[in-house]
Amino acid sequence: MKFKEILSAGVPLPEEILRREMAESGVPVELLRREMQKLMEVMLEEAEKQYGKRQKTLAGFTGDNGSKMASHDAVMLSEFSHMATVVALSLAESNAAMGRVVACPTGGACGVVPGVMYALKKLKGAQYDELLNSFIVAGGIGWCIEKNATIAGAEGGCQAEMGTAAAMASALLTYYFTESGEKAANAAAIALKSMLGLVCDPVGGYVEVPCVKRNGIAVNIAISAAEMALAGIESVIPFDEVVEAMHRVGKSLPESLRETGLGGLAATPTARKIVKDLKLRQHSAEKQ
Ligand code: SF4
């Protein structure tokens, strides 16, 4: 199923996305809508709870980035981008600390969509139903990427995880402000193609470095892509073709750059040293 087919149905986008999902899963539209409501509520609740909180993560490679960003007065970012960045970092750190998160599309990229939703709610006065409809559009974007490519870092690299999260968040923002499916697709295409080729290289195999900070960056790519779409900028390459390109790029990535923790940043001297130090600490703790 291509996104352009959903767009050509001629009914409101959230309705058509849920109708198609019902046709595929057999789950009634009302139930699907309630499921989306629950996910959105958990995201917003956790954004509120974890906002700027320090976390004790599994490997301890991260944990205070959300807190640092929250207590920093932004010099360049808008209030909206700053808030979205704090949420993205905080929830990614909560994920690394085994906190409650909604995989969106994965745990590693869980901060991006809640980042923009929380900022819409807090700073733009977004109402529940408008937010939910925009979230369903984001879900439709993620669904199309999953169907036609992949959302797994182990298969397609970080472009598949973080790129999808940025595409979803940019479509969410654009749909919220315009209710235009075409503009939302343009935003998603711009966001995804800006992350094409991004490799998956978690240090030591822990979803901490570079994953947490990538959430903070991806949320800003989503905001920039949405702003461009709002300005009337279109993606020369349509969304569905960007997805196909992402899939091809993912397949051509070597295994070392697909969540094995063997290449990219994970293979740097510093990464090797901190992983070695961690193992020594774990070993001596086991002996005590
Ligand atoms: S680097 Fe890999 S593990 Fe980390 S967020 Fe990206 S895809 Fe997920």
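A few points about this structure:
- Sole exception among (1) within 10 Å of the ligand (Cβ to nearest atom); (2) hydrophobic (A, V, I, L, M, F, W, C); (3) buried (at least 24 other Cβ atoms within 10 Å of the Cβ); (4) assigned to a loop (DSSP other than H, G, I, E, B) for MET162, by number: (4)
- Just one residue in the set ILE151, ILE136 is of a type in the set (Val, Ile, Thr), surrounded by 19 or more Cβ atoms within 10 Å (Cβ to Cβ) and either free of Cβ contacts under 8 Å to residues at least 24 places away in the same chain or assigned to a helix (DSSP H, G or I) (or both); that residue is ILE136.
- Picking from residues in segment 136-175 that are touching a strand residue (DSSP E or B) at 6+ places or on another chain (Cβ under 8 Å) and charged (D, E, K, R), the one that is nearest to TYR118 (Cα to Cα) is GLU161.
- Subset of segment 103-125 [in a loop (DSSP other than H, G, I, E, B) and either over 16 Å from GLY139 (Cβ atoms) or away from the ligand (no atom under 15 Å from the Cβ) (or both)]: GLY107, GLY108, GLY111, GLY125
- Test: residue in segment 143-154 that is within 11 Å of the ligand (Cβ to nearest atom) and closer than 17 Å to ALA96 by Cβ: yes
- Helices (runs of 4 or more DSSP H) fully within segment 176-288 counting 2 or more residues that are within 17 Å of VAL112 (Cα to Cα), small (Gly, Ala, Ser) and within 14 Å of the ligand (Cβ to nearest atom): 211-230
- The residue that is surrounded by the fewest Cβ atoms within 10 Å (Cβ to Cβ), counting only those in segment 194-226 that are farther than 18 Å from THR62 by Cα and among the polar types (S, T, N, Q), is SER224.
- Residue match in segment 142-149 (condition: more than 21 Å from PRO12 (Cβ to Cβ), of a type outside the set (Ser, Thr, Tyr), modelled with pLDDT of 95 or more and in contact with a Gly (Cβ under 7 Å, 6 or more places away or on another chain)): yes
The values are calculated or read from the model by the stated rules, or taken from the named source; none is laboratory data. Bear in mind that the values here come from a model prediction, so they are computed numbers and not experimental data. Counting neighbours? That spans all protein chains shown, and the Cβs are built from the backbone with ideal geometry, glycine included.
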